[in-house]
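We did not get these values from a lab; they are worked out from the coordinates using the rules stated. Values in this document were obtained by computation on a predicted structure and should not be read as measured data. Using ideal geometry, Cβ is built from the backbone for each residue, glycine included, and neighbour counts are taken over all protein chains shown.
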Amino acid sequence: MDQDPHTDEQINRILSLNNVAVVGMSKNSSKAAHYVPKYLLDHGYNVIPVNPTSDQILGKKCYDTVSEIAEDVDVVNVFRPSEQVLPVILDAIKKKPKVIWLQEGIHNSEAEDLARKEGIEVVFNRCMFAEHQRLSR
């Protein structure tokens, strides 16, 4: 898989953004899609769960899609398989986030190019939790 080209300075700037919608957030505490957003929540981020199969995760209201979220979204953090990313990105674009962050192991060039054409920065194949820990030392 390709290497994301962002510098540490660019990642730090993205990590300074606060409102993070998490697509595919899980209730299962052993899954990365649960403990990564929990870590972000514990570190002061406003985490907004997006999961159509849940009403609430970690005490936060769940949304079916990113475009249904009432508040502004800075970062859309995606926990979906690469082949399922395109519809997520098409929906997220409607919300005009600053960044779409595809978690480690997730990369979809077509979807990423569509987001970039809309002026949205894209991070792929990186973990927000790991990057936050690495750069917070």
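Qualifying GluC sites (Glu not before Pro) in region 1-104, where qualification requires a DSSP coil assignment and no more than 11 other C-beta atoms within 10 Å, comprise E71.
Applying 1/(1 + (r/R0)^6) with r as the Cβ-Cβ distance of K61 and A130 and R0 = 22 angstrom yields a FRET efficiency of 0.25.
When shorter helices are ignored and each DSSP H run of at least 4 residues is given -39500 (n - 2.57), the per-residue value for the chain at 222 nm works out to -9500 deg cm²/dmol. Summing Cβ point charges (Lys, Arg +1; Asp, Glu -1) relative to the Cα centre of the chain gives a dipole of roughly 380 debye. E118 label point, 7 Å along Cα→Cβ, cut-off 20 Å on backbone N: hits in region 59-81? Once the point is set 7 Å along Cα→Cβ of E118, 63-81 turn out to lie under 20 Å by backbone N, inside region 59-81. Distance between the pseudo-spin-label points of D2 and S109 (7 Å out from Cα toward the beta carbon): 0.6 nm.
Tell me, rounded to the nearest percent, the portion of alpha carbon pairs in region 8-135 spaced more than 21 Å apart. Summing the P(r) of region 8-135 above 21 Å gives 30 percent of all pairs. Here the residues S30, S54, ranked from fewest to most Cβ neighbours within 10 Å of their Cβ, fall in the order S30, S54.
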